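The values are calculated or read from the model by the stated rules, or taken from the named source; none is laboratory data. Computed from a prediction, not measured in an experiment: that's the story for all the values here. Please note: Cβ atoms are built from the backbone with ideal geometry, for glycine as well, and neighbour counts cover all protein chains shown. Protein only, heavy atoms only, side chains kept; ligands, DNA and RNA dropped before computing areas. Shrake-Rupley method; radii C 1.70, N 1.55, O 1.52, S 1.80 Å.
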Amino acid sequence: MKHILLIGLLLPLQALSQSKFSDRIEKEAAALKCPPPDGSKPVTVNAAVVATADSLAVIVKSEILRGWHIYAYVPENQPYIQLDPILETPASLQPAGGWSQTPPTASVHDPGVLIYNNTAVFIRKFARKEQSGGKIKAGLYFQCCDIKQCLPPDEHVVELKF
C-alpha cells in the first residue's frame, strides 16, 4: 500500500517536471535566432540545446525568405526533395520519441505536397544516461524553391556542445 501511495505522489511530480522542461524548450525555440535569409541564401538554419540533469532537447530552426519554401512531404510522383533533419548524438542520449515539428501547409500549386514557409521548428527530446557533456551535430538537408525556380539541395549543420 505504501508503494502505491509513493508512486501516486511521484507521478504528478514527474509530469510537472516534464511540463516545465517543455516550457523551457518552447521559450528557447521562440528565442532562437537564425541569420536573416536573403536572395543568395533563402533558407538559414540554427540549432540549440536545452538540458536538465536527466533530459535534453535539440531544437533546429529554419528561417525561410518570403516567397520561398522547403518541402515537408513530397509524394513519389513529384520531383522535389523532402527535407530531412540531421542529427548526430552521443550514445549517452536515449531518444524519447520522434521529432516534433511546426505543422506544414499544403502547397497551392502541387496537390499532396506539404511545405514550410517563413519559419519551421523541429524538436527532438532525449533522456540522458549520463551527466557528462558531449557534442551534437544538428541541422537540415533540404531543397528550397520559389514560384520560378528550385535551388539544388542544401545542407546546414550546427555543432552544439552540452
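Residues of segment 87-100 that are open to solvent by less than 30 Å² (accessible area, probe 1.4 Å) and assigned to a strand (DSSP E or B): Leu93 alone. Residues of segment 13-34 that are among the hydrophobic types (A, V, I, L, M, F, W, C) and at pLDDT 95 or above: Phe21, Ile25, Ala29, Ala30, Ala31, Leu32, Cys34.
Looking at segment 60-73 only, could you name the residues that are touching a strand residue (DSSP E or B) at 6+ places or on another chain (Cβ under 8 Å) and either open to solvent by 20 Å² or more (accessible area, probe 1.4 Å) or basic (Lys, Arg) (or both)? Break it down into steps so the answer makes sense when it comes.
Applying the first criterion (touching a strand residue (DSSP E or B) at 6+ places or on another chain (Cβ under 8 Å)) to segment 60-73 yields 60-65, 68-73.
Matches in segment 60-73: Lys61, Glu63, Leu65, Trp68, His69, Ala72, Tyr73.
Scanning segment 74-86 for residues that are open to solvent by 40 Å² or more (accessible area, probe 1.4 Å) and either over 22 Å from Arg124 (Cα atoms) or not in a strand (DSSP E or B) (or both) turns up Glu76, Asn77, Gln78, Pro79, Tyr80, Ile81, Gln82. For Ser62, the criteria (1) under 14 Å from the mean Cα position of the chain (by Cα); (2) closer than 20 Å to Thr52 by Cβ hold in every case but one, which is (2). The set of residues from segment 101-111 being of a type outside the set (Val, Ile, Thr), without any contact (Cβ under 8 Å) to a residue 24 or more places away in the chain and in a strand (DSSP E or B) comprises just one member, Ala106. Tell me, yes or no, whether segment 104-111 has at least one residue that is surrounded by 20 or more Cβ atoms within 10 Å (Cβ to Cβ) and touching a Phe, Trp or Tyr at 6+ places or on another chain (Cβ under 8 Å). Within segment 104-111, not a single residue is surrounded by 20 or more Cβ atoms within 10 Å (Cβ to Cβ) and touching a Phe, Trp or Tyr at 6+ places or on another chain (Cβ under 8 Å).
Of all residues in segment 112-162 being of a type in the set (Phe, Trp, Tyr) and assigned to a strand (DSSP E or B), which is most open to solvent (accessible area, probe 1.4 Å)? Give the steps one after another, and end with the answer.
To start, the set of residues in segment 112-162 that are of a type in the set (Phe, Trp, Tyr) comprises 116, 122, 126, 141-142, 162.
From what is left, the residues that are assigned to a strand (DSSP E or B) are 116, 122, 126, 141-142.
Details: Tyr116: 7, Phe122: 2, Phe126: 8, Tyr141: 79, Phe142: 3 Å².
Among those residues, the one meeting the criterion is Tyr141.
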